[in-house]
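Contents: one structure, followed by commentary.
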């Protein structure tokens, strides 16, 4: 069930780093980390990685559905470890990394903590999911300068006690996360003013071109720059005008927001 | 046209696209370095992804292709597609990011809580607009395969449709963002290479030389219409470009040249209809709005949009030069395609034909492969948007509130298959239309159905639930009627002239309906919380 790879030594201060995402394979690793900490008199640091990915909601949902068979449960990994550590008498310190890639985030945390070992669960993905998602556990093993303990698969009997804890701290689905905001005074007038100014700086010459080339066609076809006529020059000038309007708008809004802050 | 080199490049680019679809997510999880999805470059990644999503067949094939056959009037397409992002930046991008909702249905129901009619209206609008956007992509892809493989258009469209549906439902769904980034880079680079080679090879490295020549050309679509029933039409394939241009100009000395406005949009109403539809359409396109879901912070929504403006602005400037250059260099071929009934190639294939002329089979392969991948990724984005709104806004919220994630994904995939098939059927019926023109119609619908309802929901406190519904309904009905009339060639509806874009009628009608109904009703929804969210501090 457990494989060990010896690499460079950690800081020798009795730190085990647990990488967890609150899934069943991660619960295997969590329990193993706590047991190793009890055996070696170590403390456990946990790291959860919240991936910040440029993906749409359906992309995430599709991945979650396909991952379900390998994850089994989606609990708050740090909270489960903390609670299980409290019950077993092991000190647990939690860390959260707010961005991916997941392997890099775990290794980044490890380089700061210099643990004696990293404990991580292998989900045992296979088939398409294995091809498309790879294995974080194997990535950590491959690149870690510290020893890595990897638990394999899911042993339902082994995680029975910790699973009970995990079921009490399930992560909410995306739709259930509703940000609570305080209602204060919102000054929309100035925001609207800035928006309309930027917009009109582009729209007036934009629609102006349409009116001009419709009603003053004879002037529109007059050459102004070599063989380029007025209409063509106007068209080509609208692009840089649009860029300038957008950049000026961005700078004004940024200054306004810094003022509000 | 079929050549081993070009075919290999096309297959290679498609393979890369599918490879990215399979491996990008793995790479983004298991890389041991922070060089992907890092906080510092997220806005740039998003700008490229938005650009790749936006630069579809319409932009790559359609804009330059339309300029090549109709001249200066079709520069409005690129100009409007560009200007639309300024409207989005100034009015909607940041408030939408702050609200955190990216389908129209969700934005509306986060202010007007629990409104099933608004949710359904949002879904219906998204499906109609996205379907109209899918069709031109399939038309473009069909014409590409027709040109490359010599297949019949029907066979080409069926193969494209099946490929796209399979791509999206099996794996493409999960990697569209990374594919969009690559498409953005490929399309931009290929257009630049075509422009540089064209100008250096045929115009003595003088960009203005392109306009000097365009001044003496009668646009091929106009010229072929004039020659259609002429018994003395010469064989254009035996002429050089300059001979063909001189022949037509001598025969029709009074006709407008390529840089004279009025060939496509003959009067102010048509010009303004196109201008309004394009510039307000982007802000109502469901797949563009959805992509803001991927932007990390509200400030990134602005910086990403500015990045997009720089990238697409540069791209559309290039299409203007490429379009006019193609008109001259391909004049005999374009005339021949029109006069022999191959309009679907004439109106859409100027860019690949020019690529072949200036860069041989290698550049032809890159141009067709790049365009094909752009079509794949854009259709993927559109079908995902349709799948999302049908499964989430309709199935989960209206039909089965207890639906599991698995059921939701299944319904999304079924919707994707259904819409893909509908896209194929419509694509078969619209073979001879320029893809950019078809996309401008989708823009007109988006400008009428979604832009006004989003604008008023986000900026007008007095806007009501009933007003929002009236806005969408009127925008949908008026725009669909006039788009249908334009496609069947009807001159007027109830005595009102049919224009090249419905937005000049449907956008004001939608706004007036929303304002009037709002003033007569009083359910302003959860306006305080919503406005705080949309316009409060980051």
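Only one entry in A:231, A:198, A:248 is part of a helix (DSSP H, G or I), modelled with pLDDT of 80 or more and more than 7 Å from chain B (Cβ to nearest Cβ), namely A:248. Among the numbered conditions (1) at pLDDT below 90; (2) closer than 18 Å to residue B:322 by Cα; (3) surrounded by fewer than 19 Cβ atoms within 10 Å (Cβ to Cβ), the only one that residue B:268 does not meet is (2). A single entry from A:34, A:87 fulfils the requirement of being modelled with pLDDT of 90 or more, over 29 Å from residue B:289 (Cβ atoms), crowded, with 20+ Cβ neighbours inside 10 Å and away from every other protein chain (no Cβ under 14 Å): A:34. Taking the criterion of being under 21 Å from residue B:110 (Cβ atoms) and in a helix (DSSP H, G or I), the residues of region B:511-525 that qualify are B:514, B:517, B:518.
The selection criterion, being out of contact with any strand residue (DSSP E or B) (no Cβ under 6 Å at 6 or more places or on another chain), buried (at least 24 other Cβ atoms within 10 Å of the Cβ) and either part of a helix (DSSP H, G or I) or modelled with pLDDT of 90 or more (or both), does not hold for residue B:145.
Of the residues in region B:439-457, at least one is within 14 Å of chain A (Cβ to nearest Cβ) and surrounded by fewer than 22 Cβ atoms within 10 Å (Cβ to Cβ).
For residue B:532, the test of being outside any helix (DSSP H, G or I) and either under 22 Å from the mean Cα position of the chain (by Cα) or surrounded by 17 or more Cβ atoms within 10 Å (Cβ to Cβ) (or both) is failed.
Okay, residues lined up against (1) buried (at least 24 other Cβ atoms within 10 Å of the Cβ); (2) within 26 Å of residue B:190 (Cβ to Cβ); (3) touching a strand residue (DSSP E or B) at 6+ places or on another chain (Cβ under 6 Å); (4) within 10 Å of chain A (Cβ to nearest Cβ):
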{"position": "B:295", "(1), (2), (3), (4)": "yes, no, no, yes"}
{"position": "B:299", "(1), (2), (3), (4)": "no, no, no, yes"}
{"position": "B:310", "(1), (2), (3), (4)": "no, yes, no, yes"}
{"position": "B:319", "(1), (2), (3), (4)": "yes, yes, no, no"}
{"position": "B:322", "(1), (2), (3), (4)": "yes, yes, no, no"}
{"position": "B:325", "(1), (2), (3), (4)": "yes, yes, no, no"}
{"position": "B:330", "(1), (2), (3), (4)": "yes, yes, no, no"}
{"position": "B:333", "(1), (2), (3), (4)": "no, yes, no, no"}
{"position": "B:336", "(1), (2), (3), (4)": "no, yes, no, no"}
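As for region B:268-278, it holds no residue that is touching a residue at least 12 places away in the same chain (Cβ under 8 Å), assigned to a loop (DSSP other than H, G, I, E, B) and either more than 27 Å from residue B:338 (Cα to Cα) or more than 9 Å from chain A (Cβ to nearest Cβ) (or both).
Going by the conditions given, is residue B:245 surrounded by 18 or more Cβ atoms within 10 Å (Cβ to Cβ) and under 21 Å from the mean Cα position of the chain (by Cα)? Against the criterion (surrounded by 18 or more Cβ atoms within 10 Å (Cβ to Cβ) and under 21 Å from the mean Cα position of the chain (by Cα)), residue B:245 does not qualify. Within region B:100-117, the residues that satisfy the criterion of being over 22 Å from residue B:130 (Cα atoms) and crowded, with 22+ Cβ neighbours inside 10 Å are B:111, B:112. For region B:175-193, does any single residue satisfy the condition of being in contact with a strand residue (DSSP E or B) (Cβ under 7 Å, 6 or more places away or on another chain) and either over 12 Å from residue B:335 (Cβ atoms) or modelled with pLDDT of 90 or more (or both)? No, region B:175-193 contains no residue that is in contact with a strand residue (DSSP E or B) (Cβ under 7 Å, 6 or more places away or on another chain) and either over 12 Å from residue B:335 (Cβ atoms) or modelled with pLDDT of 90 or more (or both).
Against the numbered list (1) more than 30 Å from residue A:61 (Cα to Cα); (2) surrounded by fewer than 24 Cβ atoms within 10 Å (Cβ to Cβ); (3) at pLDDT below 85, residue B:396 comes up short only at (1). In the condition set (1) more than 10 Å from chain B (Cβ to nearest Cβ); (2) at pLDDT 80 or above, residue A:192 is compliant with all but (1).
The values are calculated or read from the model by the stated rules, or taken from the named source; none is laboratory data. Bear in mind the structure is a predicted one, so any value in this text is a computation, not a measurement. All Cβ positions, glycine included, derive from the backbone under ideal geometry; neighbour counts span all protein chains shown.
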